[in-house]
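Here the structure comes first, spelled out in structure tokens, and everything after it is commentary.
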Amino acid sequence: QVQLVESGGGLVQPGGSLRLSCAASRSILSFYRMGWYRQASGKQRELVATVTKTGSTNFADSVKGRFTISRDRAKNTVYLQMNSLKPEDTAVYYCNALDSGNNYWGQGTQVTVSS
């Protein structure tokens, strides 16, 4: 059973930064793709950023230029660096991993952007 454990959420002021971490229970290179999704209160879950096994990245238009996604293979961890945060970035952020036929989710971490 794969486990994805997120950390790094919290309360931050508009314009601030946070870094989310997603630690996987097995090699992150065993997944076809890993990434981050978010779900704001009353809204559907949406893609934020993904990175494939080969290193290709994809970002939601709303976060392009502000968020970056990176990996530490030695730590089996994927990161989401969030800069210039806006109140509309407030949501529960979920780590996601895909392999052949399986879709895994973490438990989520709350990010609140407020003054």
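At 7 Å along Cα-to-Cβ for each site, give me the label-to-label distance between S17 and V5 in nm.
2.6
Within the chain, what's the longest stretch lacking trypsin sites (Lys or Arg not before Pro) that sit in DSSP loops with no more than 16 other Cβ atoms inside 10 Å? Please report the intermediate quantities before stating the final value.
On the way: sites that count: R26, K43, R45, K53, K64, R66.
That would be 67-115.
Determine which lysines satisfy two conditions relative to K64: a Cα distance under 22 Å, and not lying fewer than 8 residues away in the same chain.
Hits, sequence-local ones excluded: K43, K53, K86.
Out of Q44, Q13, Q81, any idea which swings most in a Gaussian network model of the chain, alpha carbons joined below 10 Å?
Q44
From the Cα gyration tensor of region 1-113, with a ≥ b ≥ c the square roots of its eigenvalues, which class applies: rounded if a/c is under 1.5, or else prolate if a/b is larger than b/c, or else oblate?
Details: a/c = 1.72, a/b = 1.61, b/c = 1.07.
Prolate, since a/c reaches 1.5 and a/b exceeds b/c.
Kindly write out, for region 99-115 in residue order, the coupling ³J(HN,Hα) from the Karplus curve 6.51 cos²θ - 1.76 cosθ + 1.60 (θ = phi - 60°), rounded to whole Hz, with x marking Gly and Pro.
After applying 6.51 cos²θ - 1.76 cosθ + 1.60, I find 10, 5, x, 10, 10, 10, 10, x, 7, x, 9, 7, 10, 10, 10, 7, 8 Hz.
Quick check: residue separation of E88 and N103 times 0.36 nm, minus the Cα distance between them. What number comes out in nm? Working shown, then result.
Details: separation 15, 0.36 × 15 = 5.40 nm, distance 2.66 nm.
Separation in residues times 0.36 nm, less the Cα-Cα distance, equals 2.7 nm.
So for region 31-115, taking the charge dipole from beta-carbon charges (+1 Lys/Arg, -1 Asp/Glu), which of V78, Y93, V111 sits furthest toward the positive end?
Going by the charge dipole, the pick is V78.
Of the residues S17, S70, S56, which exhibits the maximal mean-square fluctuation in a Gaussian network model of the chain defined by a 10 Å Cα contact cut-off?
Looking only at S17, S70, S56, the biggest GNM fluctuation is shown by S56.
What size of dipole, in debye to the nearest 20, comes out for the chain about its Cα centre when the only charges are +1 on Lys and Arg C-beta atoms and -1 on Asp and Glu C-beta atoms? Working shown, then result.
On the way: 13 positive and 7 negative charges, 45 e Å.
Taking the Cα centre of the chain as origin, the dipole is about 220 debye.
Read-outs throughout are calculated quantities, based only on the coordinates presented, and are distinct from any laboratory measurement. This is a predicted model, so every value here is computed, not measured. FYI the Cβ positions are ideal-geometry reconstructions off the backbone, even for glycines, and counts take in every protein chain you see.
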